[in-house]
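*Asks:* To start, I am sharing the structure in question, which I have written as structure tokens.
The values are calculated or read from the model by the stated rules, or taken from the named source; none is laboratory data. As the structure is a prediction and not an experimental result, all values here were calculated from the model. As a convention, Cβ positions derive from the backbone with ideal geometry for all residues, glycine included, and neighbour counts pool all protein chains shown.
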Amino acid sequence: MLNVSSENTRTFSRRGVLAILGGVAAAGLLPTPRARAGGASSSALAFDGTALVVAGEQVWRFDPFGDATLLPAPRRSIRALACHPDRAGRLLASLDGGGLDRSDDGGRTWAAASGDLPLAQVTALAIAAGAPDTIYAALAGDGLWRSEDAGNSWSFVMDRPWIAEAEREILTLASVNLASGMGGIWIYAGTDQGVTRVPDCFCRWQDVVEGDAMDALVAGRPSVPEAPLPKGEPITALVSAHATPERLYAALPSGLWASTDGGVAWENRSSLHAQALAVDPADPDHIAATYATKLKHSRDGGTAWATLAAL
């Protein structure tokens, strides 16, 4: 049985007061619905190779066609997970109330990975595409931080994005290997006002546009996507497909949206309002999601969904 953590609020400071909203829920998953978690409404999800890791107050690991394994409980509830397909077993976890833990054995053991990161709530995590020792962490009320040594040391790299006349919290992160312009890795951020991105030179947050985004930025005439995401909706989850970097999935209140061109144009795949998403690193059409009190998956890129377990 997986329990639901209670909400709590903690306050820390860096360049002012950082108001931190804690709280995370737990979940379970089985190839057949044999696991339940009473009252859970959201989960932290990540594929570790072919296994799916589901975390909250507890950590469950589900290997394909096998039974679930309940792993040792973390020191605090897990709010977000990140993994890298080229480093089997490497998992990063954002902890409720602040701080990060790292596992190098698929979630069986954990160690602190916060280094000198300020003690504020980490709202989103991503491991850099092509660089499994480079981690990006978004801090509530603060901005984007980077570690290039798997969490031992950290540096501040970017303020929060400025959208609709205000700084916006980063709710979810994805690192995408889409070389263009600067030729580097892009970091995509989901906010309460949509998706934005920045190259790993961290020069400026910018809208996702057609063609060469850096050239459009310099020219000051960004093109307008023909099929953008709905304006003003929060992005509750944003993930990229390792096997097909141009493929992105975004969870919004209006449903599950997909892009096949790096986020320029989007298509609504279903009405599923997911709280968390994970994409199979070997199969970009295979997605896992939490929705209300169910854990679901899709084998066709988000159009049709089947329930894997009750939460």
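*Asks:* What are the residues in region 187-199 that are within 17 Å of the chain's Cα centre (by Cα) and more than 20 Å from Leu252 (Cβ to Cβ), if any?
*Replies:* To start, the set of residues in region 187-199 that are within 17 Å of the chain's Cα centre (by Cα) comprises 187-198.
Across region 187-199, the qualifying residue is only Val198.
*Asks:* Moving on to the next point. I'm checking my understanding of the structure. Among residues of region 263-296 that are polar (S, T, N, Q) and part of a loop (DSSP other than H, G, I, E, B), which one is surrounded by the fewest Cβ atoms within 10 Å (Cβ to Cβ)? Walk me through it before giving the result.
*Replies:* Kept after step one, since they are polar (S, T, N, Q), are these residues of region 263-296: 268, 270-271, 275, 290, 293.
If we keep only those that are part of a loop (DSSP other than H, G, I, E, B) too, we end up with 271, 275, 293.
Values: Ser271: 10, Gln275: 20, Thr293: 16.
Only one residue tops the list, namely Ser271.
*Asks:* I've got another one for you. Restricting attention to region 202-222, which residues are loosely packed, with under 15 Cβ neighbours inside 10 Å, at pLDDT 55 or above and farther than 17 Å from Ile163 by Cα?
*Replies:* Gly211, Asp212, listed by residue number.
*Asks:* Report those strands (runs of 3 or more DSSP E) wholly inside region 1-111 carrying at least 1 residues which are at pLDDT below 85, surrounded by fewer than 15 Cβ atoms within 10 Å (Cβ to Cβ) and of a type outside the set (Val, Ile, Thr). Talk me through it step by step, then tell me what you get.
*Replies:* Working: elements: 9-13, 17-21, 44-48, 51-55, 59-62, 68-71, 78-83, 91-95, 100-103.
It comes to 9-13, 17-21.
*Asks:* Here's another thing I want to ask about it. Which of the residues that make up region 181-201 are over 13 Å from Ala129 (Cα atoms), touching a strand residue (DSSP E or B) at 6+ places or on another chain (Cβ under 8 Å) and modelled with pLDDT under 90?
*Replies:* Passing the criteria: Gly181, Met182.
*Asks:* Let me ask something additional. On the given criteria, is Leu238 buried (at least 21 other Cβ atoms within 10 Å of the Cβ) and either touching a Gly at 6+ places or on another chain (Cβ under 7 Å) or of a type in the set (Val, Ile, Thr) (or both)? Spell out the reasoning first.
*Replies:* Details: buried (at least 21 other Cβ atoms within 10 Å of the Cβ): yes; either touching a Gly at 6+ places or on another chain (Cβ under 7 Å) or of a type in the set (Val, Ile, Thr) (or both): yes.
Answer is yes for this residue.
*Asks:* Does any residue in region 117-132 that is in contact (Cβ under 8 Å) with a residue 12 or more places away in the chain and farther than 19 Å from Leu238 by Cα come within less than 7 Å, Cβ to Cβ, of a residue that is small (Gly, Ala, Ser) and surrounded by fewer than 24 Cβ atoms within 10 Å (Cβ to Cβ) six or more places away or on a different chain, and which pairs are these?
*Replies:* So the pair list comes out as Leu119/Gly98; Leu119/Gly99; Ala120/Gly98; Ala120/Ala140; Ala120/Gly141.
*Asks:* If you go through region 135-156 one residue at a time, do you hit one that is farther than 17 Å from Arg90 by Cβ, basic (Lys, Arg) and at pLDDT 90 or above?
*Replies:* no
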